[in-house]
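Input: a single structure, listed below in structure tokens.
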Amino acid sequence: MKGTETKRKLPAQLREELLATLEARFEKNLKRHPGLEWAQVKARLEAKAEKLWSLHEMESTGGEPDVVGHDAKTGEYVFFDCSAESPKGRVSLCYDREALDSRKEHKPKDNAVDVAAAMGIELLTEEEYRDLQKLGSFDMKTSSWVQAPADIRKLGGALFGDRRFGRVFIYHNGAQSYYSARGFRGSLRV
């Protein structure tokens, strides 16, 4: 996923396919973005073509990105991973590089913070995760890492969230832990 800026530009055909996918998802899930119009989102995406690469990374790893908000001050549209479960292409990751380096054996393939950065996105914050859960029921069988506050991370911990029993839970775990049913959800501002 890491690469130069030239690698971060989508070929025309992929760009058109991605825009069509995003438009179909936008139209299918209007409750996620009341009052917003696809034409304006598309115009912003076309003006910020480098962001399409990140959205393609979100899509290709199973995140199903969709618009969940608009920042009136900056004009940015906010995309979150809206897949029903934690994106399949981003599971079995510990929290960050420090956690990965601390494992002596049975290391996971990578860590959530670095993978997100390589994709050009950020892990959802706890607040963003709770906001996402107001738009539907997500992570009913999986869980997703969320940004860990510095004080928790300093003590070796990290946070993850899920939905169980009709409620959203935020839990703690050692940052070096990883599970096949835990990934991460990202956000992107365009």
On a 25 Å Cα-Cα criterion, which of the cross-link pairs Lys88/Lys154; Lys7/Lys141; Lys48/Lys154; Lys109/Lys141; Lys31/Lys51; Lys51/Lys73 come out too long? Lys88/Lys154; Lys7/Lys141; Lys48/Lys154
Where the chain is the region considered: accessible area per residue in Å², 1.4 Å probe: 52 Å²
When the convex hull of its Cα atoms is projected in every direction, mean area for the stretch 1-73 (nm²): 5.4 nm²
Classify the stretch 75-117: rounded, prolate or oblate, from the alpha-carbon gyration tensor (a ≥ b ≥ c, eigenvalue square roots; a/c under 1.5 rounded; otherwise prolate if a/b is larger than b/c)? oblate
Tell me the GluC sites (Glu not before Pro) within the stretch 27-134 that lie in a loop according to DSSP and have at most 13 other beta-carbon atoms within 10 Å. Glu37, Glu105
If you plug each phi of the stretch 45-60 into the Karplus form 6.51 cos²θ - 1.76 cosθ + 1.60 with θ = phi - 60°, what whole-Hz ³J(HN,Hα) values come out, in order, with x for Gly and Pro? 4, 5, 6, 10, 4, 5, 6, 4, 4, 5, 4, 5, 4, 4, 5, 5
Local electrostatic count at Phe165 - Lys and Arg +1, Asp and Glu -1, tallied over other residues with Cβ under 14 Å: +2
Rule-of-thumb Rg ratio for the stretch 102-141 [Cα; 2.2 N^0.38 Å; N residues]: 1.55
So, with a 1.4 angstrom probe, what is the percent of accessible area on the chain that is carbon and sulfur? 52 percent
Ordering Lys7, Lys88 by accessible area with a probe of 1.4 Å, largest first, what comes out? Lys88, Lys7
Once phi for every residue in the stretch 20-34 is put through the Karplus expression 6.51 cos²θ - 1.76 cosθ + 1.60 (θ = phi - 60°), the whole-Hz ³J(HN,Hα) values, with Gly and Pro written as x, are 5, 5, 5, 5, 4, 5, 4, 5, 6, 10, 4, 5, 6, 8, x
Taking the C-alpha atoms of the chain, how large are the radius of gyration and the largest Cα-Cα span, Dmax, in Å? 16.5, 51
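The values are calculated or read from the model by the stated rules, or taken from the named source; none is laboratory data. Quick caveat: nothing in here was measured; it's all calculated off a predicted structure. Glycine gets a Cβ as well: all are built from the backbone with ideal geometry, and neighbour counts include every protein chain shown. Remember, those area values only see protein heavy atoms, side chains included, never the ligands or the DNA or RNA. Shrake-Rupley method; radii C 1.70, N 1.55, O 1.52, S 1.80 Å.
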